[in-house]
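The values are calculated or read from the model by the stated rules, or taken from the named source; none is laboratory data. Please read all numbers here as calculations on a predicted model, not as lab measurements. All Cβ positions, glycine included, derive from the backbone under ideal geometry; neighbour counts span all protein chains shown. All accessible areas refer to the heavy atoms of the entire protein, side chains included, with ligands and DNA or RNA removed. Shrake-Rupley method; radii C 1.70, N 1.55, O 1.52, S 1.80 Å.
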Amino acid sequence: MTSGDPNLSVIMSERRQLINLAYRLLGSLADAEDVVQETYARWYAMSREQQEAIKSPGAWLTTVASRICLDLLGSARARREKYVGEWIPEPVPDQTELTKPTDPADRVTLDESINMAFLVVLESMTPAERVTFILHDVFRYPFPEVATIVGRTPAACRQLATSARRRLRNAEATAAPAPAADRAAIVRNFKQAWEAKDIEALIGLLDPSATAIGDGGGLVSAALHPVEGGETVARYFADLAERIGEFELVERTVNGQPGLVVMEDDQTAAVLAFDVTANKITHIWAIRNPEKLRPWQV
């Protein structure tokens, strides 16, 4: 890349869009950054004549990044089988809450398409379903354009999107999600009950069928299997507070939703994301894998 490149500003202005797309496709900020780097490497591997022959550099970059993601998703299932314990998408912070914000071009836009519950459902989709759904339903690409990216017909892409939407509907709770202010209050109450090791208060905040899932990646301790049932989850967190010893809980926005950060010795030890419906916590995702906590370290 040189300052004399007339395409440079146009090309680099696409970076944030590509980061946002790749993160939603892969559920990993680190992998998304790698994909964007590889996409730009392929652009600059072309001659100036080849670059100038491309009518829409932005569309070219999106196509290349999406195809790299599609390939990575195809191999991800095999990698996840070797992963120690449960795999949870990498949590994304709200940059306004950080002491060291990232470059604006590397920031992920916080909206409903990155909340943890949504990303977890995306994990259940086939690679083609996920890419088609994200490109069409989230980024509003028309099916003919999506078809050229995923190598299917527009009709087949419509079917993939329909299947993806069905997975989302099946995963959604029958009760409506709690309003944002209510979610924040419930997470705050969970924080206070956890700090007090108040099992009864924790039980009162949790849905009877609540599930807690931890992700240590085999690098730090975490429950290897989901903890199920409101009372069991409450006792698990109360016991965890006893075992951890000194720790601080900080309210933070996690993937656009109210969440908590566990601080030990002034370092981020865990990030907790919550799903709240009918004013009860239905899911807790606790990410402890230090490789997924890079953006959260102070």
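Looking at the stretch 184-239 only, could you name the residues that are small (Gly, Ala, Ser), on the phi > 0 side of the Ramachandran plot and over 21 Å from the mean Cα position of the chain (by Cα)? Selection gives Gly229 alone. Across the stretch 215-236, the number of residues qualifying as open to solvent by less than 10 Å² (accessible area, probe 1.4 Å) and not in a loop (DSSP other than H, G, I, E, B) comes to 4. Kindly indicate whether Val35 is assigned to a helix (DSSP H, G or I) and within 23 Å of the chain's Cα centre (by Cα). Answer is yes for this residue. The set of residues from the stretch 264-293 being open to solvent by 30 Å² or more (accessible area, probe 1.4 Å), assigned to a strand (DSSP E or B) and touching a strand residue (DSSP E or B) at 6+ places or on another chain (Cβ under 7 Å) comprises Asp275, Lys280, His283.
For every residue, the table says whether it meets (1) over 14 Å from Glu123 (Cβ atoms); (2) open to solvent by 50 Å² or more (accessible area, probe 1.4 Å); (3) modelled with pLDDT under 95; (4) within 15 Å of the chain's Cα centre (by Cα).
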site	(1), (2), (3), (4)
Met12	yes, yes, yes, no
Arg16	yes, yes, yes, no
Ile19	yes, no, no, yes
Leu29	yes, no, yes, yes
Ala45	yes, yes, no, no
Gln51	yes, no, yes, no
Ser56	yes, yes, yes, no
Lys82	yes, yes, yes, no
Trp87	no, yes, yes, yes
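Number of residues in the stretch 62-74 that are open to solvent by less than 50 Å² (accessible area, probe 1.4 Å), out of contact with any Lys or Arg (no Cβ under 9 Å at 6 or more places or on another chain) and farther than 29 Å from Gln257 by Cα: the value is 1.
Under 22 Å from Asn20 (Cβ atoms), open to solvent by 50 Å² or more (accessible area, probe 1.4 Å) and touching a residue at least 24 places away in the same chain (Cβ under 8 Å), is that true of Thr148? Answer is yes for this residue.
If the condition is being modelled with pLDDT under 90, assigned to a loop (DSSP other than H, G, I, E, B) and open to solvent by less than 20 Å² (accessible area, probe 1.4 Å), then the stretch 89-122 contributes only Val108.
In the set Ala185, Ala196, Ala180, Ala171, only one residue is surrounded by 14 or more Cβ atoms within 10 Å (Cβ to Cβ) and not aromatic (Phe, Trp, Tyr); that residue is Ala185. State whether the residues of the stretch 70-79 include one that is out of contact with any strand residue (DSSP E or B) (no Cβ under 8 Å at 6 or more places or on another chain), outside any helix (DSSP H, G or I), under 24 Å from Arg166 (Cα atoms) and aliphatic (A, V, I, L, M). Among the residues of the stretch 70-79, not one is out of contact with any strand residue (DSSP E or B) (no Cβ under 8 Å at 6 or more places or on another chain), outside any helix (DSSP H, G or I), under 24 Å from Arg166 (Cα atoms) and aliphatic (A, V, I, L, M), which makes the answer no. Residues in the stretch 56-77 that are under 17 Å from Tyr23 (Cα atoms) and touching a residue at least 60 places away in the same chain (Cβ under 8 Å): Thr62, Thr63, Ser66, Arg67, Cys69, Leu70.
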